[in-house]
Amino acid sequence: MEKLQSMEQFDKLKNEERTMFMFSADWCPDCRVIEPLLPGIEADYPEYSFILVDRDEFIDLCGDLDIFGIPSFIAFHSGVEAGRFVSKDRKSQTEIEEFINSLSA
């Protein structure tokens with residue numbers, strides 16, 4: 001999964017056709033639990049660009065987007081937020097896939 005490097009990159013990526021941002025941090029145990037699942041999820045949803053956002057590096061962005069718990073996901077379709085799976089709770093592969101499947105085409 002590509003890691004976000006700058007706010008300029010975020011602005012560019014959110015305007016692409018389909019981008020999924022995953023908000024995480026190195027110290028987050030729930031994030032580490034889902035980490036091994038992510039390559040398979042990425043492979044199952046090739047229509048999305050998956051981007052890892054380090055919460056600690058982009059704390060202002062997280063505040064702007066109301067990301068107060070991790071791991072969390074926000075999908076953008078051509079610059080418009082298409083959906084969010086934001087909470088402090090651990091997420092399962094099934095829950096992540098259900099979230100992605102729920103997004104409008």
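The values are calculated or read from the model by the stated rules, or taken from the named source; none is laboratory data. Since we're looking at a predicted model, the values are computed, not measured. Cβ sites come from the backbone with ideal geometry, for glycine too, and all protein chains shown count toward neighbours.
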Check your understanding: Which of the residues spanning segment 54-99 are closer than 20 Å to Val33 by Cβ, assigned to a helix (DSSP H, G or I), free of Cβ contacts under 8 Å to residues at least 60 places away in the same chain and in contact with a Leu (Cβ under 9 Å, 6 or more places away or on another chain)?
Key -> Gln93
Revision key, fill the gap. Per the filter on segment 43-63, residues farther than 16 Å from Leu4 by Cα and of a type in the set (D, E, K, R) are Asp44, Glu47
Practice item. Any chance you could count how many residues in segment 24-37 are surrounded by 18 or more Cβ atoms within 10 Å (Cβ to Cβ), free of Cβ contacts under 8 Å to residues at least 60 places away in the same chain and not in a loop (DSSP other than H, G, I, E, B)? Key: 2
Practice item. Could you check, for segment 40-56, whether at least one of its residues is out of contact with any Lys or Arg (no Cβ under 7 Å at 6 or more places or on another chain), surrounded by fewer than 11 Cβ atoms within 10 Å (Cβ to Cβ) and among the hydroxyl-bearing types (Ser, Thr, Tyr)? Key: no
**Study point:** Residue check, Ser92 surrounded by fewer than 18 Cβ atoms within 10 Å (Cβ to Cβ), under 13 Å from the mean Cα position of the chain (by Cα) and at pLDDT below 95
**Key:** no
**Study point:** Residue selected from segment 38-53 under the condition part of a strand (DSSP E or B) and of a type in the set (A, V, I, L, M, F, W, C), by the criterion nearest to Glu97 (Cα to Cα)
**Key:** Phe50
Practice item. Consider Leu4 carefully, then state whether it is within 23 Å of Gly69 (Cβ to Cβ), among the hydrophobic types (A, V, I, L, M, F, W, C) and either surrounded by fewer than 18 Cβ atoms within 10 Å (Cβ to Cβ) or touching a residue at least 40 places away in the same chain (Cβ under 8 Å) (or both). Key: yes
Check your understanding: Looking only at residues in segment 46-61 that are of a type in the set (Val, Ile, Thr) and within 11 Å of the chain's Cα centre (by Cα), which one is nearest to Ser24 (Cα to Cα)?
Key -> Val53
